[in-house]
Amino acid sequence: MTAAARAGKAQSWEAFKAEAFGTRTEVIEGVEIPVPADIPLNFTAKFSSLSEESEIDDFADAVTLLYGEGVFEQWVNNGLGQMGLLTVLMWGYMQGSGQKDVEFGDAYRVVMSDDPGKAAAAAVGNRAARRSQSKGTGGRSSRTSAASTGSPRARSRT
């Protein structure tokens, strides 16, 4: 039970969000950023569309979605390079996808892999799939009848 609930008050969204997702921060290239605890709904589409041919504004938009306004410009001014940018984007994506123990080296290995998109999907996986792995699935269902109910053939009763 939260403090607000114990006091008989409705909890604000911001208070709930801080309690449920946390408010960790990290300093990257001299800029304190919030560690993503969730992925913005439009981030995955933006992130997956990035490539070597993407405009710098596309990368800036992805950084803004994940880390907030002005972070990209500060990183550029502080000397963050291309591989660093890709690494911190991947790290944030992995953090927001539920991998709280992921390190920058893990994100860098994904970025440097032959197929970063596939490596990211394997590293992050489907949140529902990860959760279902821990649930018991029970046994196989038994047959309900020996005859197929979908067969158009009539059975003879002779």
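The values are calculated or read from the model by the stated rules, or taken from the named source; none is laboratory data. Bear in mind that the values here come from a model prediction, so they are computed numbers and not experimental data. Because the Cβ atoms are built from the backbone with ideal geometry, glycine has one as well, and the counts that use them run over all protein chains shown.
A few comments on the model shown:
- With respect to (1) part of a helix (DSSP H, G or I); (2) more than 21 Å from residue 98 (Cβ to Cβ); (3) in contact (Cβ under 8 Å) with a residue 40 or more places away in the chain, the lone exception for residue 80 is condition (1).
- Residues in the range 54-72 that are in contact with a helix residue (DSSP H, G or I) (Cβ under 6 Å, 6 or more places away or on another chain), under 13 Å from residue 34 (Cβ atoms) and not β-branched (Val, Ile, Thr): 2 in all.
- Just one of the listed residues (22, 70, 84) is surrounded by 14 or more Cβ atoms within 10 Å (Cβ to Cβ) and not hydrophobic (A, V, I, L, M, F, W, C), namely 84.
- When residues of the range 25-54 are limited to those that are in a loop (DSSP other than H, G, I, E, B) and surrounded by fewer than 10 Cβ atoms within 10 Å (Cβ to Cβ), the one modelled with the lowest pLDDT: 52
- The single residue among 57, 61 that is part of a helix (DSSP H, G or I), among the charged types (D, E, K, R) and surrounded by fewer than 16 Cβ atoms within 10 Å (Cβ to Cβ) turns out to be 57.
- All conditions in (1) among the charged types (D, E, K, R); (2) at pLDDT below 85; (3) exposed (fewer than 14 other Cβ atoms within 10 Å of the Cβ) hold for residue 17, with the sole exception of (3).
- Residue in the range 94-136 that is surrounded by the most Cβ atoms within 10 Å (Cβ to Cβ), counting only those that are assigned to a loop (DSSP other than H, G, I, E, B) and modelled with pLDDT under 65: 125
- Note on the range 21-49: among residues that are of a type outside the set (D, E, K, R) and over 16 Å from the mean Cα position of the chain (by Cα), the one that is nearest to residue 111 (Cα to Cα) is 28.
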